[in-house]
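Here the structure comes first, spelled out in C-alpha cells, and everything after it is commentary.
Values quoted throughout were computed directly from the atomic coordinates according to the rules given, and no laboratory measurement underlies them. The structure displayed is predicted, hence computed values, not measured ones. Backbone-built Cβ (ideal geometry, glycine too); neighbour counts: all protein chains shown.
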Amino acid sequence: MKRHYRGIGVLAVILLSAWLALPGGVIATPAGAAEAGALRSFAVVDGKTGNDEQGEGTALSPYRTIGHALDRAKEGAVVVVLPGTYKESLSITRKVTLMSDPGRAYGSARTVIDAAGLDEGIRIKGDGAAGTVIEGLTIQHANNQGIFAEDTSNIIIRGNNIEDNALAPTSDRIETKAILLVGVSSSYILDNTVTRNKGGGIAVMDNGPINPGALVPGTPRPAMYNVISGNRVNDNEESCGIVVAAFNPGQGVIGNLVTGNTVNRNPAGIIVAANPPGTSAIDNVVSGNAITDNFLPGVIIHSNAPGQRVQGTIVSGNTVRGNGADQEVGLADPAGIIVVGAVAKVQDTLVVGNRVSGEKYGVWVSGAEGTVVQGNGFDPSVGTPLFIR
C-alpha cells in the first residue's frame with residue numbers, strides 16, 4: 001500500500017520539478033535551506049503542525065497559515081498547502097503558484113480555504129500578480145467571490161472546487177460570481193467545479209468607472225483573450241452559469257473563449273452581453289459546451305442599451321437541452337439559443353453546428369442583423385427550430 005507522509009515527499013518534489021507549463025504557468029523547484037526571515041521560492045503550509053513564528057516554510061518546518069506563506073514568498077514562488085481547513089481570506093499581489101500537495105490523492109477536496117464571514121476567498125490584483133496559478137483547492141463560504149482577480153493577466157485557475165460562496169454579499173457589488181475576472185486578459189479558468197454559489201458561477205468582465213466586483217471604481221481595462229474551459233458549473237442559485245459581459249465604454253470583452261464546460265440548473269446558462277450604453281462585446285466564442293435545464297435560455301447573446309456593440313459572436317457545437325424562457329425580452333416559451341438586441345442590434349452572430357432538444361424554440365432571434373444560422377441539429381421535441389423577428 002502506498003504510504004503518505006505529512007511532509008512533501010520525493011515524489012511530490014519530482015512532480016513539482018516537472019510540473020505543467022501552460023502559458024503563464026510557473027515551474028519551480030524547492031529552494032535550499034533559507035536563512036531566517038528570507039523570502040522563499042518554495043514554501044510548505046500545514047495548518048496542523050506548522051508554525052508561523054518559528055517555521056521555515058519547509059516540509060520539516062512548515063508555516064501554519066497560507067497568508068503568512070504568501071507574505072514570505074518571492075515573486076514566482078510555489079506555495080504548497082497540505083490538507084486541512086484554513087480559515088483565511090488571501091490577497092495575492094505578486095506572481096505565485098498556490099496549490100494543494102500534488103503527491104496526495106483528493107488534494108483539492110481536502111485542502112479547504114474557508115472564508116466564512118470574509119469578503120473573498122482569494123483576491124488576485126494588479127500587474128505584479130500576472131502569471132499567478134491557483135490549483136487544487138476548495139474555496140468556500142466567502143461573503144462575496146470565491147476567487148476575484150482584477151487588473152492582471154496570464155493567470156491560471158485550475159482544478160479547484162468553488163462552492164457555497166456569496167453567502168452574505170455586499171449590497172453594492174454588482175457581481176459576486178464564484179470566479180470573477182475583471183479587467184483580466186490572456187488567462188485560463190480550467191477544470192474547476194463551481195457549485196451552489198448564490199452569486200452565480202464564472203464571469204469575465206471589463207474594468208473602469210464601473211467595477212463589477214468591488215465597491216470603488218476600477219482602472220480602465222478590457223477583458224481579452226481569456227479561456228473558460230472544462231468547468232462544471234452547476235446548481236448556482238441566484239445568478240447565471242457563465243457570463244462574458246461589458247460594463248465600461250471604451251474597454252469591452254473581446255476574443256474570449258467559453259468551451260467544453262457543463263452548465264446545468266442555473267438561472268441562465270451562458271451569456272455574452274453588453275450592459276450600460278456604449279459598451280462592447282466583440283468576437284467572443286461559445287463552443288462545445290453542454291447546457292441543460294437552466295431556468296432561462298441556454299445561450300443568450302444580448303445587447304441592452306443604446307450605442308452598444310455586440311458583434312461577431314460564434315455559438316458552435318454546443319449541446320443545449322431543456323432550458324427556459326426569458327420574459328424580459330418578450331420570449332414567453334423555452335428556447336435553446338437566443339440572439340437579442342433590445343435597442344442596438346446584435347451584429348454578425350454565427351450559430352452553427354449546435355444540437356438542441358427539449359425546447360419550444362431552437363434558435364430565437366430578435367433585434368439582430370447579419371445572423372447566420374446553419375448546420376444545427378434540432379430534435380423533434382423542438383417546436384420551432386428557427387424563429388426570426
Quiz item: Given H placed on each backbone N at 1.01 Å, which residues far from Gly377 in sequence or on other chains put an amide H within less than 5 Å of it?
Solution: Asn354, Arg355, Val356
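How much net charge surrounds Arg158 when only the other residues with a Cβ under 9 Å from the Cβ of Arg158 are counted, with Lys and Arg +1 and Asp and Glu -1?
Neighbourhood net charge equals -2.
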Practice problem: For the chain, with a Gaussian network of springs between Cα atoms less than 10 Å apart, report the residue from Ile174, Ile271, Ile155 with the top mean-square fluctuation. | Solution: Ile174
Quiz item: What residue among Thr132, Thr176, Thr58 shows peak mean-square fluctuation when the chain is described by a Gaussian network model with Cα springs under 10 Å?
Solution: Thr58
Quiz item: To two decimal places, what compactness ratio does the chain give when its Cα radius of gyration is scaled by 2.2 N^0.38 Å?
Solution: 1.02
Practice problem: Amide H neighbours of Thr111 under 5 Å, at least 5 residues apart or on other chains, H built in the peptide plane: list them. | Solution: Gly84, Thr138
Practice problem: Scan around Ser41 for amide H atoms under 5 Å from its own, H built in the peptide plane at 1.01 Å from N, and keep only partners 5 or more places away or cross-chain. | Solution: Ala31, Lys74
Practice problem: Give the order of Phe295, Phe148 when sorted by the count of other beta carbons within 10 angstrom, beginning with the fewest. | Solution: Phe295, Phe148
Quiz prompt | the chain, helix-only ellipticity at 222 nm - DSSP H runs n ≥ 4, -39,500 (n - 2.57), divided by all residues, nearest 500 | solution = -1000 deg cm²/dmol
Quiz prompt | Reachable lysines, given that their alpha-carbon falls under 21 Å from the alpha-carbon of Lys198 and they are not under 8 places away in the same chain | solution = Lys87, Lys177
Quiz item: Within the chain, what percent of beta bridges assigned by DSSP are antiparallel, to the nearest 5?
Solution: 0
Quiz item: Which one of Ala77, Ala335, Ala305 has the biggest mean-square fluctuation once the chain is modelled by GNM with Cα springs under 10 Å?
Solution: Ala305
Exercise. Give the cross-link partners of Lys125 among the aspartates and glutamates, using a straight C-alpha distance below 16 Å as the criterion and excluding same-chain residues fewer than 8 apart.
Key: Asp71, Glu75, Glu150, Asp151, Asp206
Quiz item: Relative contact order (percent) for region 252-315, with alpha-carbon contacts under 8 angstrom and 6 or more residues of separation?
Solution: 42
Quiz prompt | Per-residue ³J(HN,Hα) for region 235-244, Karplus 6.51 cos²θ - 1.76 cosθ + 1.60, θ = phi - 60°, Hz, x for Gly and Pro | solution = 6, 8, 6, 10, 8, 7, x, 10, 10, 10
Quiz item: HN-Hα J couplings of region 68-84 from phi, Karplus 6.51/-1.76/1.60, θ = phi - 60°, integer Hz, Gly and Pro as x?
Solution: 5, 4, 5, 5, 8, 8, 5, 4, x, 5, 9, 10, 9, 10, 7, x, x
